[in-house]
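Written out below as structure tokens is the structure these notes cover.
The values are calculated or read from the model by the stated rules, or taken from the named source; none is laboratory data. The structure presented is a predicted model; accordingly, all values stated were derived computationally and were not measured. Don't worry about glycine lacking a Cβ; one is built from the backbone with ideal geometry, like all the others, and counts go over all protein chains shown.
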Amino acid sequence: MSVESELGRASGTARRTEPPCAPAERTPLLMMVQNFYLGGTEGQAVELFRRLPARWDGAMACIIKDGPHLATVRALGVDPLELALNGSVAQLNTGRQIWRLAQELRRRETRLVHAHDFYSILLAVPAARLARAKVIVGRLDMGHWPVGLAKNLLTRATQAADGVIANARAIREMLIDQENVAASRIQVIPNGVDLAAFDARAQAPLTDPLPARPGVKPFAHVANMTHPVKAQEDLFHALRVLRHDHPELALWLIGDGPRRKTLEMLALQMGIGDRVHFLGHRQDVPAILRRAYAGVLCSHAEGMSNALIEYLAAGLPAVATQVGGNGEVVAHGQRGLLVPAKSPFALAAAMERLLARPELAATYGGAGRQYVERELTLDLLAERHDRYYRQVLGQAQA
């Protein structure tokens, strides 16, 4: 089984590939997420939930019952159980919520729990133990943000789980080397994308106009402006290196967050304010990518980047830092170019190579699209989760 597939954000009805199961044959399963806001983890979890085979009797739980994806879950006839933490996990309320979840698991006779993110993992693992259910945890990044006690708790919960799902081989290796998680309990199931939905959105009209300049070759950068790990500053330095020799180069920054004002000021101070366009949070990302020349990601740490997958789905060549799962998606010299992290000059050189060789950029873009069509589908992701779920329960072989 190839490990190179991923989930993604999509619309449409889940497809069933086997006859419906009788109620008595369905296995109770509960998925848990932190919230239902627009984000990679949340979107992936909801799309997986709606595509699970009929053999699973699915329920959901969350920390915060809010966000655009909540309507999708409710449309499936499921109202998630809210387990509000109301602040730090270091309080008695956390124990109460663990007990509430355990009671719910017992009531439903839940056989399997799948927790997708940090806070969900901290509640789901002990609750599943109390309810004598199997539990799988999702480790979907390189663990770059939890520190101190939070990091220790996440490691211990991961070690105590019956199974671990990583969405990149790099994350699997990190868990083995740094957290002493048994290799036999880690399954790599990358994310994916619904190409039909993505293509429909790509062909749809823009929700807002894009900066217009004749002959421009924009590089799209899709990332939040919340975490410094996204390193937009490195991209600015690369643009400053290239700006005189490549007047056609522009940056489209798609995303938002508390760092935006600081980044806007930095672009002006560096004299590249006319080349850097802050598009904010957009619902029409596929349509924007269809109009871009290439995609770029300069993060200092990544798991399996949904932004990179979207670049490839849009047929764009990608320039990305060699961190986390980026190399698994881009494959240097096949679907784009990889550069060392924290190296703006190397980033500039890779961007210049694509600008100077449009035929190479087109070749990379075409190969990336074919890779997504072949490997990164939602159907493959659902099949792989279904197989791993049954494996953890002893119903299927690895």
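Out of all the residues in segment 143-157, which are among the β-branched types (Val, Ile, Thr) and touching a residue at least 24 places away in the same chain (Cβ under 8 Å)?
155 - this is the single residue of segment 143-157 that is among the β-branched types (Val, Ile, Thr) and touching a residue at least 24 places away in the same chain (Cβ under 8 Å).
Identify, from the list 210, 206, 195, 235, the residue that is touching a residue at least 24 places away in the same chain (Cβ under 8 Å) and buried (at least 20 other Cβ atoms within 10 Å of the Cβ).
Of the residues listed, the single one that is touching a residue at least 24 places away in the same chain (Cβ under 8 Å) and buried (at least 20 other Cβ atoms within 10 Å of the Cβ) is 235.
Give just the number: which of (1) in contact (Cβ under 8 Å) with a residue 40 or more places away in the chain; (2) buried (at least 17 other Cβ atoms within 10 Å of the Cβ); (3) not assigned by TED's automatic domain parsing to the domain that holds residue 109 does residue 335 not satisfy?
(1)
For segment 215-229, does any single residue satisfy the condition of being at pLDDT below 95, within 30 Å of residue 383 (Cα to Cα) and among the β-branched types (Val, Ile, Thr)?
No, segment 215-229 contains no residue that is at pLDDT below 95, within 30 Å of residue 383 (Cα to Cα) and among the β-branched types (Val, Ile, Thr).
Considering every residue within segment 232-249, establish whether at least one is more than 19 Å from residue 343 (Cβ to Cβ), in contact with a Pro (Cβ under 8 Å, 6 or more places away or on another chain), in a loop (DSSP other than H, G, I, E, B) and modelled with pLDDT of 95 or more.
no
Quick one: residue 226 ticks every box in (1) of a type outside the set (Asp, Glu); (2) closer than 25 Å to residue 206 by Cβ; (3) surrounded by 18 or more Cβ atoms within 10 Å (Cβ to Cβ) except a single one, so which number is it?
Residue 226 satisfies every listed condition except (3).
Tell me which helices (runs of 4 or more DSSP H) are completely within segment 282-373 and hold 3 or more residues being under 21 Å from the mean Cα position of the chain (by Cα) and not charged (D, E, K, R), or say none if there are none.
285-290, 306-313, 326-330
Yes/no per residue for (1) within 25 Å of the chain's Cα centre (by Cα); (2) surrounded by 18 or more Cβ atoms within 10 Å (Cβ to Cβ); (3) part of a loop (DSSP other than H, G, I, E, B); (4) in contact (Cβ under 8 Å) with a residue 40 or more places away in the chain:
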| site | (1), (2), (3), (4) |
| --- | --- |
| 44 | yes, yes, no, yes |
| 58 | yes, yes, no, no |
| 78 | yes, no, yes, no |
| 95 | no, no, no, no |
| 100 | no, no, no, no |
| 110 | no, yes, yes, yes |
| 124 | yes, yes, no, yes |
| 137 | yes, yes, no, no |
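Restricting the search to segment 208-231, which residues are out of contact with any strand residue (DSSP E or B) (no Cβ under 9 Å at 6 or more places or on another chain) and of a type in the set (A, V, I, L, M, F, W, C)?
212, 229
Do we have any residue at all in segment 158-171 that's touching a residue at least 60 places away in the same chain (Cβ under 8 Å), of a type in the set (Gly, Ala, Ser) and either touching a Gly at 6+ places or on another chain (Cβ under 6 Å) or in a helix (DSSP H, G or I) (or both)?
Within segment 158-171, one or more residues are touching a residue at least 60 places away in the same chain (Cβ under 8 Å), of a type in the set (Gly, Ala, Ser) and either touching a Gly at 6+ places or on another chain (Cβ under 6 Å) or in a helix (DSSP H, G or I) (or both).
State which residue is nearest to residue 44 (Cα to Cα) when the search covers only segment 300-323 and only residues that are of a type outside the set (A, V, I, L, M, F, W, C) and at pLDDT 95 or above.
310
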